[in-house]
Amino acid sequence: MKLLVTGGAGYIGSVVAAQLLEEGHEVTVLDDLSTGHADAVPPGASFVQASIIKAEGVLADGYDAVLHFAAKSLVGESVEKPGLYWSHNLGGTLALLDAMRRTGVNRIVFSSTAATYGEPERTPILETDPTRPGNPYGASKLAVDTALTAFAGLYGLGAVSLRYFNVAGAYGAFRERHTVETHLIPNVLKVALGERESVSVFGTDYPTPDGTCVRDYVHVADLARAHLLALDACTPGEHRIYNLGSGAGFSVKEVVDVCREVTGHPIPTTVAARRPGDPAVLVASSEKIQRELGWKPAHATLRDMVADAWTASAKPA
Ligand code: UDP
């Protein structure tokens, strides 16, 4: 298939683009490089450096589907600059959907998030649970999910939204590297690499077994694989939503311990205040995607995820 991957110079988009190429698809990456890296675009993909609001010019060449990753994705930044998140994530996606409609491209796989659920009433979270996002990032992604349902009903779009929980690990040299790093595992590994003195643990008084937040980590290679299944599952007139996690929760302290084991570094920690907007526990039920699409995480252990991230960050491409 001929596929457009928006945000394919970012962490998850680049891994999906690489897997699509391995499967023999023709891939064009559209990325404005506002947070992505040109060297993350996999060899073999065509690259267009532009915003998603310019997608129509690219799509006019004739594409079978779009995999849409391009977005602003920092919770804290979204609280400070909500307009930026609404305009990029919702406005940009609506422009993309209009461009798809005008150019006759009617399949899309969308990068959604667990942040659409907000503070859960129960875990593991099911796709049918209430969506009450606690920040503009999650709200803007939820708004896109709503738009996709409407476009499927009105125009026959075939859409699949994948709601990611915490993505970790690396795929070969494709790894997580943000200019402003807010995520736990890359920050912990920066200590082991000697780039930071210590890592802050945001809150030790949560109602969890060790007082630190619990998250569901999924390996980026497994997560990417789900996009290939989702692409095949895009059905005109339907919008499907699937959670993607591994169904097991690890606390911040447990993550730091695994990083100590993998790196052999003592990784000093300091206790810091809770980070606003962090739910105590976020664990997905991924039973629906396993049942309906046959997805099965191959790298479920946290140790594998940390080890792959460590190998890729210790020996960057
Ligand atoms: N966290 C932390 N120190 C850090 C970064 C994150 O204690 O330097 C905590 C954060 O508060 C959350 C968990 O680690 O409870 C996972 O955070 P991350 O930003 O990686 O992902 P999120 O769950 O926010 O998507």
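The values are calculated or read from the model by the stated rules, or taken from the named source; none is laboratory data. No experiment lies behind these values; they were computed from the predicted model shown. Cβ atoms come from the backbone with ideal geometry, glycine included; neighbour counts cover every protein chain shown.
In the list 28, 103, 35, 93, which residue meets the criterion of being surrounded by 15 or more Cβ atoms within 10 Å (Cβ to Cβ) and within 16 Å of the ligand (Cβ to nearest atom)?
Numbers: 28 fails: within 16 Å of the ligand (Cβ to nearest atom); 103 fails: within 16 Å of the ligand (Cβ to nearest atom); 93 fails: within 16 Å of the ligand (Cβ to nearest atom).
When all the criteria are applied, what remains is 35.
Go through (1) touching a residue at least 12 places away in the same chain (Cβ under 8 Å); (2) surrounded by fewer than 20 Cβ atoms within 10 Å (Cβ to Cβ) one by one and return the number of the condition residue 242 breaks.
(2)
Any chance you could count how many residues in the range 115-138 are under 12 Å from residue 164 (Cα atoms), in contact with an Asp or Glu (Cβ under 7 Å, 6 or more places away or on another chain) and assigned to a loop (DSSP other than H, G, I, E, B)?
Residues meeting the conditions: 1.
Sort out which residues of the range 290-317 are farther than 17 Å from residue 188 by Cβ, surrounded by 14 or more Cβ atoms within 10 Å (Cβ to Cβ) and at pLDDT 95 or above, and write them in order of number.
290, 293, 295
Which of (1) in contact with a strand residue (DSSP E or B) (Cβ under 8 Å, 6 or more places away or on another chain); (2) part of a loop (DSSP other than H, G, I, E, B) is the odd one out, the single condition residue 24 does not satisfy?
(1)
Exactly one of (1) surrounded by 15 or more Cβ atoms within 10 Å (Cβ to Cβ); (2) farther than 27 Å from residue 110 by Cα; (3) within 13 Å of the ligand (Cβ to nearest atom); (4) not β-branched (Val, Ile, Thr) is unmet by residue 265. Its number?
Of (1) surrounded by 15 or more Cβ atoms within 10 Å (Cβ to Cβ); (2) farther than 27 Å from residue 110 by Cα; (3) within 13 Å of the ligand (Cβ to nearest atom); (4) not β-branched (Val, Ile, Thr), only one is false for residue 265: (3).
Do we find that residue 204 is within 11 Å of the ligand (Cβ to nearest atom) and either assigned to a loop (DSSP other than H, G, I, E, B) or modelled with pLDDT of 95 or more (or both) in this structure?
Numbers: within 11 Å of the ligand (Cβ to nearest atom): yes; either assigned to a loop (DSSP other than H, G, I, E, B) or modelled with pLDDT of 95 or more (or both): yes.
For residue 204, the condition - within 11 Å of the ligand (Cβ to nearest atom) and either assigned to a loop (DSSP other than H, G, I, E, B) or modelled with pLDDT of 95 or more (or both) - is met.
Kindly list the number of the only condition in (1) within 9 Å of residue 239 (Cβ to Cβ); (2) touching a Pro at 6+ places or on another chain (Cβ under 9 Å) that fails for residue 140.
Unmet condition: (1).
So which strands (runs of 3 or more DSSP E) stay within the range 209-283 end to end and still have 1 or more residues that are out of contact with any Ser or Thr (no Cβ under 6 Å at 6 or more places or on another chain) and of a type in the set (Lys, Arg)?
Working: elements: 214-219, 239-244, 249-251, 269-272.
The strands (runs of 3 or more DSSP E) meeting that bar are 214-219, 239-244.
Where residues in the range 207-238 are more than 13 Å from the ligand (Cβ to nearest atom) and of a type in the set (D, E, K, R), which of them is farthest from residue 156 (Cα to Cα)?
It comes out as 222.
Which of the residues spanning the range 193-210 are farther than 11 Å from residue 267 by Cα, touching a residue at least 24 places away in the same chain (Cβ under 8 Å) and not hydrophobic (A, V, I, L, M, F, W, C)?
203, 204, 205, 206, 207, 208, 209, 210
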